């Protein structure tokens with residue numbers, strides 16, 4: 001029986017991708033960098049994904065990502081601009097960004113009271129917590145688990161172990177890993193991490209990503225509303 005539900009934040013509850021497009025379009029105009037094109041987003045997505053996977057593997061830190069991300073993107077695009085300056089603009093905007101994924105608030109309303117709800121995210125703690133607050137989602141959660149505060153990142157066992165221990169302290173119940181469902185859009189950090197720790201998993205997959213053979217995901221949905229048929 002499922003007792004607790006952990007939900008990823010970026011591109012599960014709040015759209016990170018839509019924020020990126022908006023920030024690039026407005027930021028490039030603001031700083032006179034270049035005219036934004038959709039191909040530029042593809043470059044961002046490729047480099048950003050690679051950097052976050054390196055964080056997940058423990059190869060770099062979040063601070064190194066902040067230092068290098070936009071410098072790498074601008075170098076690839078042939079743009080001469082200070083990447084750390086743009087990163088500051090980008091993160092300031094992201095702190096206040098709360099573009100909901102379709103059906104996110106409705107899902108939280110449905111789940112509240114039925115399960116212990118927790119957010120589980122990689123990133124800066126205050127940023128992720130504030131985005132949930134701006135998006136009117138914070139009140140639905142009993143716990144907010146963010147890698148910066150936990151001291152390790154998804155998909156590491158130490159991240160999920162710390163989350164479960166805090167849940168036990170919070171509730172006074174001996175909640176097992178198989179009584180928790182991890183819902184998220186990332187095959188690596190959410191699904192792989194949840195599976196390895198023994199959790200139930202639900203892959204939010206609106207983009208129809210291919211699931212690797214042998215990855216034992218319990219449920220897969222293309223919209224958040226479908227989760228109501230599972231929980």
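The values are calculated or read from the model by the stated rules, or taken from the named source; none is laboratory data. Note that the coordinates shown come from a computational prediction; the quantities given were computed from them, not determined experimentally. Reconstructed Cβ throughout: ideal geometry from the backbone, glycine too, with neighbour counts over all protein chains shown.
Residues are listed down the side, and each one gets a yes or a no for (1) touching a strand residue (DSSP E or B) at 6+ places or on another chain (Cβ under 8 Å); (2) over 21 Å from residue 156 (Cα atoms):
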residue	(1), (2)
3	yes, yes
7	yes, no
17	no, yes
28	no, yes
45	no, yes
56	no, no
70	no, yes
73	no, yes
88	no, yes
Just for helices (runs of 4 or more DSSP H) wholly inside the stretch 142-226: which have at least 1 residues that are at pLDDT below 95, exposed (fewer than 14 other Cβ atoms within 10 Å of the Cβ) and in contact with a strand residue (DSSP E or B) (Cβ under 6 Å, 6 or more places away or on another chain)? none
I'm trying to understand the selection: among the residues of the stretch 143-165, which are farther than 17 Å from residue 190 by Cβ and free of Cβ contacts under 8 Å to residues at least 60 places away in the same chain? 149, 151, 165
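For (1) assigned by TED's automatic domain parsing to the domain that holds residue 159; (2) without any contact (Cβ under 8 Å) to a residue 60 or more places away in the chain; (3) in contact with a helix residue (DSSP H, G or I) (Cβ under 8 Å, 6 or more places away or on another chain); (4) under 26 Å from residue 193 (Cβ atoms), each residue gets a yes or a no:
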| position | (1), (2), (3), (4) |
| --- | --- |
| 39 | no, yes, no, no |
| 47 | no, yes, yes, yes |
| 50 | no, yes, no, yes |
| 71 | no, yes, yes, no |
| 77 | no, yes, yes, no |
| 86 | no, yes, yes, no |
| 91 | no, yes, yes, yes |
| 116 | yes, no, yes, yes |
